[in-house]
1. Counting pairs of alpha carbon atoms under 8 Å apart in space and at least six apart in sequence, what relative contact order in percent does the chain give?
2. Largest first, please: the extent of the C-alpha atoms of the stretch 143-334 along each principal axis, to the nearest Å.
3. Using DSSP to define loop residues, name the trypsin sites (Lys or Arg not before Pro) in the stretch 188-238 whose beta-carbon has at most 14 other beta-carbon atoms within 10 Å.
4. With both partners inside the stretch 572-687, how many of the DSSP beta bridges are antiparallel, as a percent to the nearest 5?
5. Can you say what percent of the DSSP beta bridges in the chain, counting only those with both residues inside, are antiparallel? Round to 5.
6. I'd like the distance separating the alpha-carbon centroids of the stretch 336-367 and the stretch 383-462, in whole Å.
7. How large is Rg/Rh for the stretch 344-499, to two decimals, with Cα atoms and a Kirkwood Rh?
8. From the helices alone, meaning DSSP H stretches of at least four residues, give me the mean residue ellipticity at 222 nm for the chain, per-run term -39500 (n - 2.57), in deg cm²/dmol to the nearest 500.
Amino acid sequence: AAMRKARVKRTKTVCTYCGVGCSFEVWTKDRHILKIEPQEHSPVNGISTCVKGKWGWDYVNSEERLTKPLIRKGDEFVESSWEEAFSLIVSKLTDIKEKYGPDSMGFIASSKCSNEENFLIQKFARAVIGTNNIDNCSRYCQSPATAGLLRTVGIGGDSGTIKDIEKAGLVIIVGANPAEGHPVLATRIKRAHKLHGQKLIVADIRKHELAERSNLLIHPKPSTDLIWLSAVTKYIIDQGWHDKEFLKKHVNGVDEYIKTLDKYTLDYASKMTGLTKDELIEVATMIHESDGTCILWAMGVTQHKGATDTSTAISNLLIITGNYAREGAGAYPLRGHNNVQGACDFGTVPIWFPGYQPVQDEQARKRFEKAWGVTLPKDPGYDNHQMLEGIKEGKLKALYLFGEEMAFVDSNANFVDSELASLDFFVVQDVFFSKTAQFADVVLPAAPSLEKDGTFVNTERRIQRFYQVFEPLGESKPDWLIFKELANHFGANWTYEHPSEVMDEAASLCSIFAGVSYERLEGFNSQIWPVAKDGTDTPLLFLDGFGFPDGKARLFPVEWTPPFEAGKEYDLHLNNGRLLEHFHEGNMTYRSPGLTHKVPHPWLEVSLELAKERGLQDGSLVRLTSPYGQVKVRTIVTDRVKGKELYLPMNSREDDEAVNRLTSSYHDLVTHTPAYKEMSVKMEVLEKT
Ligand code: SF4
């Protein structure tokens with residue numbers, strides 16, 4: 001028994017399924033995962049975990065794992081050696097660069113992968129290839145939130161920690177479903193609500209779990225959040241409830257901003273949003289009476305044409321009421337992927353080097369040029385959306401993508417497919433032969449988090465280490481090692497022996513990571529950026545001023561943008577979002593039997609009223625059609641949605657159930673995040689039972 005026990009290994013890891021960033025020990029014997037054990041000293045979650053963190057790991061041993069590089073030969077893929085794959089990539093990318101220049105290539109990074117891996121791919125794109133055409137999936141979700149915060153408070157991250165949210169007198173959740181999208185964070189809100197009298201307002205078009213528990217649930221018409229937020233802000237000012245002292249001391253642009261609110265009267269807001277005047281007054285009164293308000297938001301806000309402006313309106317409301325720079329207050333955009341925060345922090349963005357240093361800032365560029373011994377491109381690159389447009393226009397010829405299921409999660413998937421298919425050269429690096437990989441010329445087998453070392457940044461800006469549990473399966477390799485070897489095949493001389501050396505380099509180049517090191521992050525230790533040289537971190541932002549040179553916040557006037565309308569025949573509004581048991585496109589969770597057993601496929605939620613009108617039941621089969629495509633899906637009848645609202649989780653396994661066969665290419669006007677939530681469809685009933 002002692003010998004058997006000795007073979008059981010316990011390794012610290014960090015969950016890869018959402019931005020909450022739970023950490024735990026994985027118990028393993030050989031390649032078997034025995035259990036997941038959260039620890040009292042797990043900084044975010046203590047002894048909690050959700051179903052995905054607990055049961056979502058078996059995919060690492062899936063027989064479908066890629067274990068060798070693949071090269072396309074006609075319509076087939078054949079296995080190759082790493083050498084052969086690297087040579088082909090070098091020769092193709094060199095040809096394309098010589099013929100069309102470095103900006104004819106694009107790089108899509110992964111928010112599922114580590115900070116170090118994201119740092120290296122942006123270094124590869126910028127220093128080896130010579131382009132800023134690099135982006136990550138925050139473009140699909142949280143870029144508008146970041147942009148809204150950068151406009152107003154100068155730093156694009158959560159204001160404080162999850163523990164700070166627990167201290168708020170009032171939590172307002174707009175367009176987010178934490179009980180499924182961020183489950184352990186949701187348990188913290190439930191606890192504060194139940195045990196400490198925290199008040200909860202939910203603004204949503206769907207009655208999800210926290211909506212049911214809220215003190216006030218408001219149901220604005222889709223895409224009208226900016227209007228009710230602005231009306232509530234105006235009402236607060238009209239009542240004299242704004243924080244005059246805070247505004248005087250810490251905020252610029254107050255009078256100019258207040259003037260722009262004139263039109264947001266209760267009458268106007270009520271007409272446009274469908275909310276009653278009493279509801280609007282109640283929201284304002286609850287904010288006024290609360291000791292600290294936190295506003296949490298996610299894709300229900302950020303996936304619209306006016307998403308950056310709505311995120312800005314949220315931050316404006318927090319500024320007007322003095323709800324920044326103290327515990328239990330502030331802005332909390334909820335990051336979706338485990339490392340979407342880190343992917344941006346470490347520079348896989350077309351306009352920023354790591355640490356949010358603009359590529360156009362000469363001093364910053366010089367610092368990176370000196371460190372890397374190269375001349376770097378100075379113009380901002382293409383984002384994900386512009387890369388696809390670039391393919392269509394013949395400007396972008398090659399794409400290198402890792403850990404991202406673009407052909408499934410980007411909106412208007414039929415358009416995405418046709419653009420990916422027309423690339424001259426396409427490299428996909430992944431753990432599985434993804435749907436995106438079918439368009440590739442070379443597919444490289446990557447190793448998942450349990451097979452490598454690294455760090456992630458969670459939604460609170462908390463940097464945490466994860467440790468290697470298993471050897472990479474077959475000939476797969478950690479992404480950081482692939483990038484190192486690839487760069488060296490291009491003649492670079494990258495000598496990294498371990499991801500810690502990449503972190504050291506990032507720390508030396510970015511003030512926000514100055515005091516970050518693997519030693520300081522040992523085990524369950526963590527650091528929340530910005531981290532000073534001596535290792536002091538910053539759980540609560542803005543105590544020393546806002547992120548602008550004069551230390552003051554800026555009120556930023558915004559205008560409402562009406563949503564995209566598909567036309568009268570598309571008579572139903574289709575909302576989409578997450579599902580507790582699955583993550584994103586489902587490549588990992590649908591290969592974890594515990595989770596698939598629980599939820600084998602998504603369903604379409606239809607309201608009681610619509611079910612009655614169209615004769616639908618649980619299990620009816622319907623076809624949804626938008627101007628962009630069709631899907632077939634089974635229904636479930638529920639009071640979570642009302643009237644002509646439908647809800648289809650984005651997490652599906654089958655292509656013909658994928659919600660992005662229906663979505664359009666419309667996008668946020670500032671950041672190009674797709675307007676996934678502005679979608680109308682028509683429905684055809686195929687089978688009633
Ligand atoms: Fe993982 Fe998020 Fe669940 Fe925590 S809440 S276990 S980070 S999916």
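Please treat every number below as a calculation from the coordinates, not as lab data. Bear in mind the structure is a predicted one, so any value in this text is a computation, not a measurement. Cβ atoms come from the backbone with ideal geometry, glycine included; neighbour counts cover every protein chain shown.
1. Answer for the chain is 20 percent.
2. Computed over the stretch 143-334, the largest-to-smallest principal extents equal 41, 36, 32 Å.
3. Working: sites: Arg188, Lys190, Arg191, Lys194, Lys199, Arg206, Lys207, Arg213, Lys234; in loops: Arg206, Lys207.
Counting only loop positions with at most 14 other Cβ atoms within 10 Å, none of the trypsin sites (Lys or Arg not before Pro) in the stretch 188-238 qualifies.
4. Working: 16 of 24 bridges.
Of those bridges, close to 65 percent are antiparallel.
5. On the way: 46 of 89 bridges.
Bridges in the chain are about 50 percent antiparallel.
6. 19 Å
7. Working: Rg = 17.1 Å, Rh = 17.6 Å.
Checking Rg against Rh, the ratio lands at 0.97.
8. -8500 deg cm²/dmol
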